[in-house]
Amino acid sequence: MTDLIRRPTVSSGRPEEPAGRPLGVVAAAAGALAAVVSLVLCLALALTAWFLADGGAHGDTTDALRAGAVAWLVGHGSHVTVSGTPVGMVPLGLTVLLVLVAYRSGRAAVRNAAPATDDRALGSAVAMLTCGYVVVAVLVGVLASADAGVSLPRTVLGAAAVAAVGGGLGLASGTGRLETWVARVPEWARQVAVGALAGALALVVSGAVLVAVGLLISFNEAATVFSGLDLNVGDALSLTVATALFAPNAVLLGCAYLLGPGFAFGVGTSVSPTAVSLGVVPAVPVLAALPGDGPTPGWLAVLMVVPAVCAGLGTALGRRGAVTGGESPAYDVAALRGAGAGFGAGVLVTLAIALAGGPLGSGRLAEVGAPVAEVLVFATGTMAVGGALAGLIATWADRRAERRR
């Protein structure tokens, strides 16, 4: 019989290094790649629109590429001046796309690098990803500023925000640190946070429904405006893409309408549930959904209850799992948590509404958007009350069910 003797493995005494490149290096490359990918997408769309418009009969390729680069910068919140016309309204649909690209790049970086050992390594990776992204944004801004006025400080801030939020979430999710952070949060704080997010999303959905109903009611007017523009296929597709990119802006302005303060679409204008003062609006089909001038019907004031209802729904969703050990929380605790969720939802919605406005020209359209201070007061107050009432009602229902059992 032959005995197989295993020889002992000889250790070098040095700790084994994790396989793969350092996460910070890979994250920096991923940030630059995310910026390049989204930029190429905007350039491709601009080239396609230019070619479909007139087959390249007017202008040249560099003009189309320049327009795509400017659109990419505006998506990051940069204010630009094109042919003497200032443009500062951010197409939030494009911004969401930029954040998604950065998120996917962050997750890809985690798969191709050594794992992050702690929060400090993850923070360094987020900083490196942001730096790589910002470098590309600055280069594009400098090149585009030769033919269009570009606000480089706003470009840097916007690019850093997109990279840090999107790429940071991608890195945290890919490494599993996000789940660890969430597990460390106290249960009551998770309930308030979930309630705030759910309430804000419910109000955004309500704003989308409001805009959709307005478009359905004014469909004939919108069709008349569209036919009067006499667009060819390429121009029609370009207008459709631009409308889709600005659709989130319209939804958020609808949220400002539901909150009460409303919004302005031009200097000296106002659109709110109590009164409308617009005057002449540009010939854009989607603007046909705006109400006509003059006093509004009294029943429209009921729409201002919608934010409180949304906060109540968010509080109810955040409260799921709040009953521990078979006992519901005290009334004052439930009301306080509901008010906190509603207040948080109001702050989130206000921040989103603040991003939805901006100038679209130097004349009458220099003022487009909602009064942020008034929106903040109405949103936090109304939604906090709605959340507190929802917390009280839910606690009363839970206790009644407990007594029956």
Normalised by the number of residues in the chain, what is the relative contact order in percent for Cα pairs under 8 Å and 6+ residues apart?
19
What residues have an amide H closer than 5 Å to that of V82, excluding those fewer than 5 places away on the same chain, when H is modeled at 1.01 Å from N in the peptide plane?
V87
Sort the following peptides by mean Cβ neighbour count (other Cβ atoms within 10 Å, averaged over residues), highest first: 32-45, 246-259, 391-404.
246-259, 32-45, 391-404
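Need one number: % antiparallel among DSSP beta bridges in the chain, to the nearest 5. Walk me through the numbers on the way to the answer.
Details: 13 of 14 bridges.
That works out to approximately 95 percent antiparallel.
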Placing +1 at every Lys and Arg Cβ and -1 at every Asp and Glu Cβ, with all other atoms neutral, what dipole size does region 23-184 have around its Cα centre, in debye to the nearest 20?
520
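Between R399 and V25, how high is the FRET efficiency from 1/(1 + (r/R0)^6) when r is the Cβ-Cβ distance and R₀ = 60 Å? Nearest 0.05.
With a Förster radius of 60 Å, E is 0.60.
Just order 195-202, 301-308, 219-226 by mean Cβ neighbour count inside 10 Å, highest at the front, would you?
Numbers: 195-202: 24.5, 301-308: 17.6, 219-226: 14.5.
Peptide ranking by packing, descending: 195-202, 301-308, 219-226.
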Between P153, L178, T269, whose Cα lies farthest towards the positive end of the dipole of the chain when Lys and Arg beta carbons carry +1 and Asp and Glu beta carbons carry -1, centred on the Cα centre?
L178
Would you calculate a helix-derived [θ] at 222 nm for the chain, using -39,500 (n - 2.57) for each DSSP H run of n ≥ 4 and dividing by the full residue count, to the nearest 500?
-22000 deg cm²/dmol
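For region 187-404, calculate the relative contact order in percent as a whole number, restricting contacts to Cα pairs under 8 Å that are 6 or more residues apart. Intermediate values should be presented prior to the final figure.
Numbers: 396 pairs, mean separation 68.5, N = 218.
After rounding, I find 31 percent.
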Reported label for calculated Kirkwood radius over Cα pairs in Å given [x] 22.6; [y] 23.5; [z] 24.2:
[z]
Distance between region 254-306 and region 334-401 - C-alpha centres, whole angstrom:
19
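Please report, in debye to the nearest 20, how large the charge dipole of the chain is about its Cα centre when each Lys and Arg carries +1 at its beta carbon and each Asp and Glu carries -1 there.
Numbers: 22 positive and 21 negative charges, 321 e Å.
Dipole size: approximately 1540 debye.
Could you sort 170-176, 341-347 so that the peptide with the highest average Cβ count within 10 Å comes first and the rest follow in order? Write out the running numbers ahead of the final one.
On the way: 170-176: 21.6, 341-347: 27.9.
Top of the packing list down: 341-347, 170-176.
Given +1 on the Cβ of Lys and Arg, -1 on the Cβ of Asp and Glu, and no further charges, what dipole in debye does region 187-404 carry about its Cα centre, rounded to the nearest 20? Mind dumping the intermediate values first?
Details: 9 positive and 11 negative charges, 160 e Å.
Rounded to the nearest 20 debye, it is 780 debye.
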Phi-based couplings in Hz for region 381-397 (Karplus 6.51, -1.76, 1.60; Gly and Pro marked x):
x, 5, 6, 5, 5, x, x, 5, 4, 5, x, 5, 5, 5, 5, 4, 5
Between L157 and F51, the two model label points (7 Å from Cα along the beta-carbon direction) sit apart by a distance in nm of 3.8
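None of the figures in this text is laboratory data; all of them are computed from the coordinates on show. Predicted, not measured: the structure shown is a model, and the values here were computed from it. When we count neighbours, we look across all protein chains shown, and the Cβ atoms used for this are built from the backbone with ideal geometry, even at glycine.
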